[in-house]
1. Look through ASN85, ASN108 and report the one residue that is modelled with pLDDT under 95 and either buried (at least 16 other Cβ atoms within 10 Å of the Cβ) or more than 22 Å from SER207 (Cα to Cα) (or both).
2. Under 7 Å between Cβ atoms, at least 6 apart or on separate chains: pull out the pairs that start in the stretch 135-164 with a residue that is within 14 Å of ARG120 (Cβ to Cβ) and end on any residue that is of a type in the set (Gly, Ala, Ser) and modelled with pLDDT under 95.
3. Specify which of the listed residues (PHE215, PHE167) is more than 13 Å from the chain's Cα centre (by Cα) and among the hydrophobic types (A, V, I, L, M, F, W, C).
4. So for the stretch 97-113 (the condition being more than 30 Å from ALA14 (Cα to Cα) and touching a His at 6+ places or on another chain (Cβ under 7 Å)), does at least one residue qualify?
5. Can you give me the number of residues within the stretch 47-58 that are farther than 15 Å from ARG230 by Cβ and either of a type in the set (S, T, N, Q) or not in a helix (DSSP H, G or I) (or both)?
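The values are calculated or read from the model by the stated rules, or taken from the named source; none is laboratory data. Everything numeric here is computed off the predicted structure, so don't read it as measured data. Please note: Cβ atoms are built from the backbone with ideal geometry, for glycine as well, and neighbour counts cover all protein chains shown.
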Amino acid sequence: MFTAAQLRIEDLSAEERAVYATLKPERLPQHVAIIMDGNGRWAGHRSQKRFFGHQQGASTVQLVTETAARIGLPWLTLYAFSLENNLRRPRAEVDFLMRLLKTYLEGNLQRMLDNNIRLRSIGRTHELPGDVQEKLRLVEQATAGNTGTTLTLALNYGGRSELVDAFRGLAAEMKQQQSAERITEEDIHRHLYTAGMPDPDLLIRSSGEMRLSNFLLWQIAYTEIYVTERLWPDFTGVHLLEAIADYQQRERRYGGLSDSVGEVEEDTEQIKIIAN
């Protein structure tokens, strides 16, 4: 939980403050994950090349992250570059995205420091270009002491590949320590890229697409999902706050019953089962 001294509500825009005023600060999600989608379509609607959309999307990342930091959101994870993007997109686009990532890291380090943001990355980042890996390491090290929002970039990431890597790590551990019958969910969690992070409370997807796109498949078992038609370059801090407001209207049951269901019959032996 962030202290009042760590919050920077006064730095929100007037529109953001209006939405924030409707929220219950004590019920903020601990972890918000976002599938950032729609950069290409945003550019196409403006008769621009896809590269222009990616550039605008990168600007959106920092603005949304700073809003998250100002309201005291502990964890924000962004699906920045998927394993499938790396394998299936044209090489020219992939190369541009790598240059854009490096530029983003270089250009926003000071803003991360000013906003007390800590940067992390997950995914098969060892397969990224060497100069990008080096820049990631430098920014992660430079922000490691920050105590505000942790911004995690999912880079060269895939949910299934994360599970494969986790199971490989667990298999190696099992050779030394335990039998398969003793494996628990916590054992698997320890080998995920997100080990040590809470599972997302809220998953936001921009551009109106109704799919998970191989993102955090293990972690979102009980995550609330919010889909907006808005394309990612048009997404702002206000829209993040609106998604959180929607989240706060929901009742999270984790497989249990709603408080509105009413009394449950306890004497099941007296219930007559009718076969069709």
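1. On the way: ASN108 fails: modelled with pLDDT under 95.
After ruling out the rest, the residue left standing is ASN85.
2. Once the first residue is within 14 Å of ARG120 (Cβ to Cβ) and sits in the stretch 135-164, its partners that are of a type in the set (Gly, Ala, Ser) and modelled with pLDDT under 95 give TYR157/SER82.
3. Working: PHE215 fails: more than 13 Å from the chain's Cα centre (by Cα).
Residue meeting the stated conditions: PHE167.
4. Checking the stretch 97-113: at least one residue is more than 30 Å from ALA14 (Cα to Cα) and touching a His at 6+ places or on another chain (Cβ under 7 Å).
5. Step one: filter the stretch 47-58 for residues farther than 15 Å from ARG230 by Cβ, giving 47-52, 54-55, 58.
From the residues that got through so far, the ones that are either of a type in the set (S, T, N, Q) or not in a helix (DSSP H, G or I) (or both) too are 47-49, 55.
Residues that pass the stated criteria total 4.
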